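*Asks:* Following this message is one structure expressed as C-alpha cells.
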Amino acid sequence: MSEQQTLSFRLLRKKPVEKLISETQGADPEHGHLGRSITLFQLIMFGVGATIGTGIFFVLSETVPTAGPSVIISFLMAGVVAGLTALCYAEMASMIPVSGSSYSYAYATLGEIIAYFVGACLVLEYGISASAVAIGWSGYLNKLFEIVFGSGLPAALSAAPLISDNHRLAVGGDGYINLPAAILVFLCCLMLIRGTKESAKANAIMVMIKIGVLILFIAIAVTGFSASNFQPFAPAGFAGISAAAGTIFFTYVGLDAVSTAGEEVENPKRNLPLAIIAALIIVTSLYVLTAVTALGVQPAAAFEGQEAGLATILQNLTGSNWPALILAMGAVISVFSVTLVVLYGQTRILFAMSRDGLIPELFHRVNPRTLSPVANTIAVALFVGAIAAFIPNDILWDLTSLGTLTAFIVVSAGVMILRRTKPDLPRGFKVPLYPVLPILSILSSLYLISNLKVQVYELFGIWLFLAAVFYFLYSVKKSRLEPKARITKS
C-alpha cells in the first residue's frame, strides 16, 4: 500500500475478504474475537426471536388504520421483499461469516465510506427498533397488570414525557418516564453480559413460548371469524397497502440479526443460509395467519390506538380473562427475546466497526471469560434505554424501516459485486436466478422507501449528517486501513 493516500482513495478503500475472515479466527492478536457457540436451531430462533413480537404484537394497531383489511397484502408484500433479500443475505453470510452483517459486506465490496454509512444506518435501525419494542413491551406489561390486579401502572411511570405531533417531538406526554421499557433494556443488558451461549439458550426458550402463544391466539380467534370484517378490503387502495408494507418491513430486522451472529455460529457457511431462510418462512407464515384471524374477529376501525391488541381481541371475543392473560404473559416473555436479540445485533455491529478503527476501541474489548463485549453492551443499553424511556413509540417505527431497507439494498448490491470481483470465493449458498433476484430485491426495497413519510427522511438526514461529521473528524484517521503516514488531499 502507498505511504500516502488521496482523500478519494481513503473513502473508497476496501477491506479484503480474507482479512475479514482471518480476524474471526484470532489471527490478529491486536483485536478481540468472539467464540463460536451458537447452534443451527439457536440461530433460527435468533431470527424468529428478533422478528416475531415487533410485527404482530404491536404493528397491527399502526398499519390496519392505514391499509384496512388489505394489511394482509402488506404483510405478504413485505415478506416477498424480505425473501428476495434473505437469499442475498444467505449468499453473503456463507462467504463472509463475520460480525457486522451488511456493514462488513459493504466494506468488502463498496468501500469504507459506504460501509461506514451502512454501519450508521444499522446502528440507527437496531437502536430505534430495540427502543420501539421495549415501549410496546411496557404496554403488554400494563395490560397484564390490569388483568391480574385490576389496574395498570401509573401513567407517570409508564409513559414518555414527549409526544409525537405529526411525527415531530413535543412536550406534553402523560408521564415522566416509561420505566418498564427502561427496565427491560437493563435486564437484557445483564443477560448479554453473561455471555452469548447463555443468551442464545434463553432466547430459544422464549421463542418457543411466543410461537405457542400465537398458535393459541389463531386457534381461539378463528372461532369468532367473520368475513364481513374484511369489507371494504382496501379503503385506501394500493397506496395504503404500500405505506403499511413500508412500516411493517422494519420487523424483518431479524434477518439482519441472524447475520450479525456470523462470528459466533458453529459451521457458519452451512448454518447461516439455512437459518436465514428457515426464519423467514416461519415468521411470514405466522404473521399472515395471525393477521387474517385478528382481522376476522374485529372490524378494522377497532385497531386504531389499541394497546396490547392481541390480548384485547381475545378478551373481547371470549368475555373471559384467561385467554388474554395467557397471551399477555406470552407477549411479555416473548417480546423480551426481541429486545434481547436486537440489542445483541447492535453490539455486534459496533464491535465490527470498532475492530476496523472507525469508532473507539472500547466497543471491541472482549471479556476473556464470557467472550462478550461488556463495555459495548452497557453503552448500547444506556442509549436504547434512554430512547425507550422518553420518546413516544409512533415516531420510531418508520425510521427503523428506512435503516433496514438501506442495509438490504447494500447486501443485494454486494452479491452482484462479489460475483464479478470474487467469482472463485467459496460460497455455501448461491442466489438462484442471478442477477434477476438481487435486482428485484434492490428495486422493491427502493419502492418501499419511497412510501415512507417526509419527516422520516428529515430525521434520517440529520442522523447521517452527524455520522458524516464523526467520520471526517475521527474515523477516516483511525481506520485500520490507514497507513502510518500523513495523508495528501485530492
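*Asks:* If I ask for residues that are surrounded by fewer than 17 Cβ atoms within 10 Å (Cβ to Cβ) and among the hydroxyl-bearing types (Ser, Thr, Tyr), which ones from segment 432-468 would you list?
*Replies:* TYR434, TYR447, SER450, TYR457
*Asks:* Looking only at segment 272-310, which residues are assigned to a helix (DSSP H, G or I) and over 22 Å from the mean Cα position of the chain (by Cα)?
*Replies:* VAL292, THR293, ALA294, LEU295, GLY296, VAL297, ALA300, ALA301, ALA302, PHE303, listed by residue number.
*Asks:* Identify, please: which residue in segment 156-189 is modelled with pLDDT of 75 or more, within 23 Å of the chain's Cα centre (by Cα) and not hydrophobic (A, V, I, L, M, F, W, C) and is, among those, surrounded by the most Cβ atoms within 10 Å (Cβ to Cβ)?
*Replies:* Selected residue: ASN178.
*Asks:* Would you say VAL384 is within 18 Å of the chain's Cα centre (by Cα), crowded, with 24+ Cβ neighbours inside 10 Å, closer than 30 Å to SER444 by Cβ and not small (Gly, Ala, Ser)?
*Replies:* Answer is yes for this residue.
*Asks:* Follow-up. Between GLY111, GLY100, which is under 19 Å from LEU350 (Cα atoms) and surrounded by fewer than 24 Cβ atoms within 10 Å (Cβ to Cβ)?
*Replies:* That would be GLY111, the only listed residue that is under 19 Å from LEU350 (Cα atoms) and surrounded by fewer than 24 Cβ atoms within 10 Å (Cβ to Cβ).
*Asks:* Next question, about the same structure. Tell me yes or no: at least one residue of segment 272-294 is in contact with a His (Cβ under 9 Å, 6 or more places away or on another chain) and under 30 Å from LYS430 (Cβ atoms).
*Replies:* no
*Asks:* Could I ask something else about it? Which ones in segment 302-317 are over 30 Å from MET45 (Cβ atoms) and touching a residue at least 12 places away in the same chain (Cβ under 8 Å)?
*Replies:* GLU304, GLY305, ASN316
*Asks:* While we're here: Just give me the residues in segment 110-142 being assigned to a helix (DSSP H, G or I), farther than 21 Å from TYR252 by Cβ and modelled with pLDDT of 85 or more, in sequence order.
*Replies:* Result: GLU112, ILE113, ILE114, ALA115, TYR116.
*Asks:* Also: Given the condition small (Gly, Ala, Ser), closer than 17 Å to THR284 by Cβ and modelled with pLDDT under 85, answer yes or no: does some residue in segment 53-74 qualify?
*Replies:* Scanning segment 53-74, I find at least one residue that is small (Gly, Ala, Ser), closer than 17 Å to THR284 by Cβ and modelled with pLDDT under 85, so the answer is yes.
*Asks:* Going by the structure shown, is SER242 of a type in the set (Gly, Ala, Ser), at pLDDT 85 or above, touching a Leu at 6+ places or on another chain (Cβ under 8 Å) and surrounded by fewer than 24 Cβ atoms within 10 Å (Cβ to Cβ)?
*Replies:* Yes.
*Asks:* Here's another thing I want to ask about it. Counting only residues that are assigned to a helix (DSSP H, G or I), of a type outside the set (Ser, Thr, Tyr) and at pLDDT below 80, how many does segment 21-52 have?
*Replies:* Count: 4.
*Asks:* Considering segment 254-282 alone, what residues qualify as being among the β-branched types (Val, Ile, Thr), buried (at least 24 other Cβ atoms within 10 Å of the Cβ) and within 30 Å of VAL71 (Cβ to Cβ)?
*Replies:* Residues satisfying the conditions are VAL258, THR260, ILE276.
The values are calculated or read from the model by the stated rules, or taken from the named source; none is laboratory data. For clarity, every value in this text was computed on a predicted model and none was experimentally measured. Note that each Cβ is placed from the backbone with ideal geometry, even for glycine, and that neighbours are counted across all protein chains shown.
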